[in-house]
Amino acid sequence: MSPYLSGLIQLTIVSGAIHQISFSTFSTLPFAVGSVQDAGLIFLSSMSSNLVKILRKDGADDATILATVTIGLGIYTALLGLALILVGRFRLASYCKLLPSSVVGGYLGYIGFFCGQAGLALMAEVDVSGLTEWGKFLDVDALVLMTPGVIGGFVVYYSVRTFRHMAVLPTCIVMLMIMFYAALWATGTNVRDATEYGWINRNFNDSPAWYHTWEYLRVEKVVWTALPSQALTLGECRGQFPGVCNVRCCSDSGTNVSQTKLYTPPVAMICVVSLSSSLDIAAIEIELRRPLDYNHELKTVGISNIISGLTGGYTGSYIFSQSIFSLKMGIRSRLMGYVLAFTMLAFWMIPIDVLCYVPNFFFGSMLLMICLDLMFEWLIDVRGELTSAEYATVLATFALLQILGLEFGIIAGCVLHFAMLRMGYDIGNDESVNMDDAVAIANYKACNSKREIVRPEGRR
């Protein structure tokens, strides 16, 4: 599908802009940043991969595959949005407030690690899904490609943390680009050579005109029988690939034939996205130091996904790291979100693919900056604000998420928290994410540069 990558990227950009406009319009948070997000994309990715395998096996052409996959994912995104609105309508998201703050802290550290790993993999141009595959980063070429981004990430993080001015990050971004092209000029290297070596992603090519963005969404080409909704209640899962079922059905001639269809329970995607979005809201709540209406914010996520799905886009949610960064920069106007969306749409409409000129280490530096910010804040800096048992729970949850994954890691962290409570360990406030924790953590961060810790009364 590489020849169609630029067109599919355009769909993703439009989807990101739609999510941002939705959050800026419907969220109670004027600084909210929302875009296409990984929680739902994990499921959409599995579904699209299996669909391609199925349709390839049946001899479908590229136009049929693209139509089936893009329209199918859009339908599932819209259905997810409807489900999230129902979850918020029946006030089920409030139960996520029962999560212990130490478990949420471990989750935030894990997200930081995930961002850092993604940044390294992007720069090294390798696929890495966990610590067991980090050996791929030790390749000589990978080390060369990662070095500028790693240095850039640390410099950007140090600059943002030290100077604390809204102009620091944009200045760092501009300087990274200037330094890259200054290095190309000094070494006599052109953009094509840099792309061949791996400094710029090789998969990017000339983008089609913006009005061709939806040309793959051809309803007459869709193989409806291959979509998950046609196989949810039929057959049993077999075969080599998870999520693929062999089912017995009748052909047009009335003869029983064996067909391979996709089986992906939508309930899992709904649960994971609901939990992930609620955790994002919890993280923002802690930083904001005032309670948020989880159910309203989840309905906002639902509205955003419905609009995105109906326009051929993908699942999205709050990008809490960027939302928190906007909050820290003092942004309190919804204009920021609309400007961000307008910028994405402007890049979508211009006749050249800007990504063909942006080095991989630029994106890697930004991801590493987020990684360092989250991991230092929630795995190191917060140590002075927590009891020993609470801090142990934070670190244990971080480790359990690495081993067990998101859902089971969160459950295991909660089990550990309540087991320590049962055994009589001092875990501070044994309730969920609440205002005492929020004030304590926020005050600690506010005076961190002075090495002064402010605690709410009664907290030891």
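The values are calculated or read from the model by the stated rules, or taken from the named source; none is laboratory data. The structure displayed is predicted, hence computed values, not measured ones. Positions of Cβ are backbone-derived with ideal geometry, glycine not excepted, and every protein chain shown enters the neighbour counts. Ligands, DNA and RNA are excluded from the accessible area calculation, which covers all protein heavy atoms including side chains. Shrake-Rupley method; radii C 1.70, N 1.55, O 1.52, S 1.80 Å.
One table, with the values for the structure above:
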read-out: Calculated FRET efficiency for the pair Tyr181/Glu215, C-beta based, R₀ 30 Å, to 0.05; value: 0.35
read-out: Unit charges at the beta carbon, dipole of segment 1-102: most positive-side option, Ala67, Leu80, Ser49; value: Leu80
read-out: Gyration tensor verdict on segment 286-363 (Cα atoms; rounded if a/c is under 1.5, prolate if a/b is larger than b/c, oblate otherwise); value: oblate
read-out: Principal axis dimensions, largest first and in whole angstrom, of segment 29-175 by Cα; value: 53, 46, 32
read-out: Pairwise Cα inverse-distance average, inverted: Kirkwood Rh of segment 126-194 (Å); value: 14.3 Å
read-out: Karplus-derived 3J(HN,Hα), 6.51/-1.76/1.60, for each residue of segment 119-135, Hz, glycine and proline x; value: x, 5, 5, 5, 5, 7, 6, 10, 9, 10, 10, x, 4, 5, 10, 5, x
read-out: Per residue, in Å², the accessible surface of segment 97-139 once ligands and nucleic acids are set aside, probe 1.4 Å; value: 40 Å²
read-out: Unsatisfied cross-links (Cα-Cα over 28 Å) in the set Lys53/Lys299; Lys57/Lys136; Lys57/Lys221; value: Lys53/Lys299; Lys57/Lys136
read-out: Bins of 10 Å from zero: percent of alpha-carbon pairs in segment 24-69; value: 24, 30, 22, 16, 8
